[in-house]
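Nothing in this text is a laboratory measurement; each read-out follows from the coordinates by a stated rule. As the structure is a prediction and not an experimental result, all values here were calculated from the model. Reconstructed Cβ throughout: ideal geometry from the backbone, glycine too, with neighbour counts over all protein chains shown.
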Amino acid sequence: MSRNDWGFDELLAGAQQSVVHLEMRDAYGVGDEAEDFKIWTRTGERDANPASPYWAPWVELIRRTVARGVTVRRARIVSEPVTDYIRYEHAGTVVNILAGERVRWLPRRLASDIALPGNDCWVFDSETVLFNHFSGEGNWAEPRWEVRTEPAVVQLAATAFETVWERGIPHEKYTV
């Protein structure tokens, strides 16, 4: 099986040094978080328990990855004032950090001069990019992802991430 046929789990398991994730949407509507988002919207309370059924699979996956010596970073470009979804995402980011991720936020007004890929993406070891495909409403579109290894595509995504990361505000200093 070529790397182009791999999905997210295989790419993450194969990473040796770094995994980075660039998020650029102000709202997502993926089904697996719909109930949690609905509860947060109603109560203002977000599941932030790393052992909960919602978070445990992700936390375990990231902890295993970090334990292998792989650095995992996430950068989010957001419009301000932020959307309710970004407030919800911000409230749960403590779990991403507990799992071993490092997270930064970049106000969209500070990203105008950055060449960005057209879709959210993951970059694995600066060799492979997995682009996520979403509908206009923020749910998964088909195909859900696209894996690319062409050097120019990987360089675009990796450079965009690093520029966003350099300008980004660490999670603990970013308020919504």
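So here's what we get for this one:
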{"read-out": "Length gained when the stretch residue 48-residue 133 is fully extended (0.36 nm per residue, less Cα-Cα span)", "value": "28.0 nm"}
{"read-out": "Listed residues 56, 66, 116: farthest to the positive end of the dipole of region 46-140 (Cβ charges)", "value": "66"}
{"read-out": "For region 3-173, share of DSSP beta bridges that run antiparallel, in % to the nearest 5", "value": "55 percent"}
{"read-out": "Additional length obtainable on full extension of the chain from residue 149 to residue 87, 0.36 nm per residue less Cα span", "value": "19.0 nm"}
{"read-out": "Within a Gaussian network of the chain (alpha carbon springs, distance under 10 Å), most fluctuating of 47, 113, 84", "value": "113"}
{"read-out": "At most 14 other Cβ within 10 Å, DSSP loop - trypsin sites (Lys or Arg not before Pro), region 33-75", "value": "68"}
{"read-out": "Cα-centred dipole magnitude for the chain, charges only on beta-carbon of K, R (+1) and D, E (-1), debye, nearest 20", "value": "520 debye"}
{"read-out": "GluC sites (Glu not before Pro) lying in DSSP loop within region 1-105, provided at most 15 other Cβ fall within 10 Å", "value": "45"}
{"read-out": "Local electrostatic count, residue 140, Cβ distance below 13 Å [Lys/Arg +1, Asp/Glu -1]", "value": "-4"}
{"read-out": "Dipole magnitude (debye, nearest 20) for region 90-176, charges at Cβ of Lys, Arg, Asp, Glu", "value": "360 debye"}
{"read-out": "Net lengthening on full extension, residue 67/residue 140 (0.36 nm per residue, minus Cα-Cα)", "value": "23.3 nm"}
{"read-out": "Rounded if a/c under 1.5, otherwise prolate or oblate - the chain, Cα gyration tensor axes", "value": "rounded"}
